[in-house]
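Reviewing the structure listed below.
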Amino acid sequence: QVQLVESGGGLVEPGGSLSLSCAASRNIFSFHAMGWYRQAPGKSRELVARIIFRASTNYADSVKGRFTISGDNTKNTVYLQMNSLKLEDTAVYYCHGQRFNYDYWGQGTQVTVSS
């Protein structure tokens, strides 16, 4: 059973920073790709950032230049560093992993940007 466990969400003021972590129960290099999605109230889940290992990274236009996705295979963890947070970044953030044509999701972590 593959598990993804997020941590690091919380409440932050506009302009602040947060770092999310996604701990995987398998070596992250055994995944084809891992990423972060988010879902705000009343909205569809959307891709925030994705890393295709040994290939590329992709970001939503709304977070380019502010968010950075990275991975540490020694810790089986993928990170999302979020800087210059805006009110519209408020959402539940989900870790996603694609492995052998299966999709895996974490339980989500709440990020709230508010003054």
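Take the residues in the range 81-115 that are of a type in the set (Asp, Glu) and not in a strand (DSSP E or B); name whichever of them is nearest to residue 20 (Cα to Cα).
So in the range 81-115, the residues of a type in the set (Asp, Glu) come out as 88-89, 103.
Checking which are not in a strand (DSSP E or B) leaves us with 88-89.
Values: 88: 17, 89: 13 Å.
Looking at residues that are of a type in the set (Asp, Glu) and not in a strand (DSSP E or B), I get 89.
What number goes with the only condition from (1) free of Cβ contacts under 8 Å to residues at least 40 places away in the same chain; (2) within 15 Å of the chain's Cα centre (by Cα); (3) surrounded by fewer than 15 Cβ atoms within 10 Å (Cβ to Cβ) that residue 44 does not pass?
Failed condition: (2).
Can you name every residue in the range 86-113 that is basic (Lys, Arg) and either surrounded by fewer than 16 Cβ atoms within 10 Å (Cβ to Cβ) or without any contact (Cβ under 8 Å) to a residue 60 or more places away in the chain (or both)?
86
Which condition number in (1) open to solvent by 40 Å² or more (accessible area, probe 1.4 Å); (2) in contact with a Ser or Thr (Cβ under 7 Å, 6 or more places away or on another chain); (3) under 19 Å from residue 103 (Cα atoms) is the one that residue 83 fails?
(3) is the only condition that residue 83 fails.
Among the residues of the range 17-31 satisfying the criterion of being farther than 14 Å from residue 79 by Cα and surrounded by 14 or more Cβ atoms within 10 Å (Cβ to Cβ), which is nearest to the chain's Cα centre (by Cα)?
Going through the qualifying residues, I end up with 31.
From the list 63, 78, which one is surrounded by 12 or more Cβ atoms within 10 Å (Cβ to Cβ), touching a residue at least 40 places away in the same chain (Cβ under 8 Å) and aliphatic (A, V, I, L, M)?
Values: 63 fails: touching a residue at least 40 places away in the same chain (Cβ under 8 Å).
Only one candidate passes the filter, namely 78.
Confirm whether residue 11 is under 13 Å from residue 90 (Cβ atoms) and exposed (fewer than 14 other Cβ atoms within 10 Å of the Cβ).
Yes.
Give the number of residues within the range 19-75 that are among the β-branched types (Val, Ile, Thr) and farther than 18 Å from residue 86 by Cα.
Number of matching residues: 5.
The values are calculated or read from the model by the stated rules, or taken from the named source; none is laboratory data. These numbers come from a predicted model, not from an experiment. All Cβ positions, even for glycine, are placed from backbone atoms using ideal geometry, and neighbour counts span all protein chains on display. When the accessible area is computed, the model is the full protein with side chains, heavy atoms only, and any ligands, DNA or RNA have been set aside. Shrake-Rupley method; radii C 1.70, N 1.55, O 1.52, S 1.80 Å.
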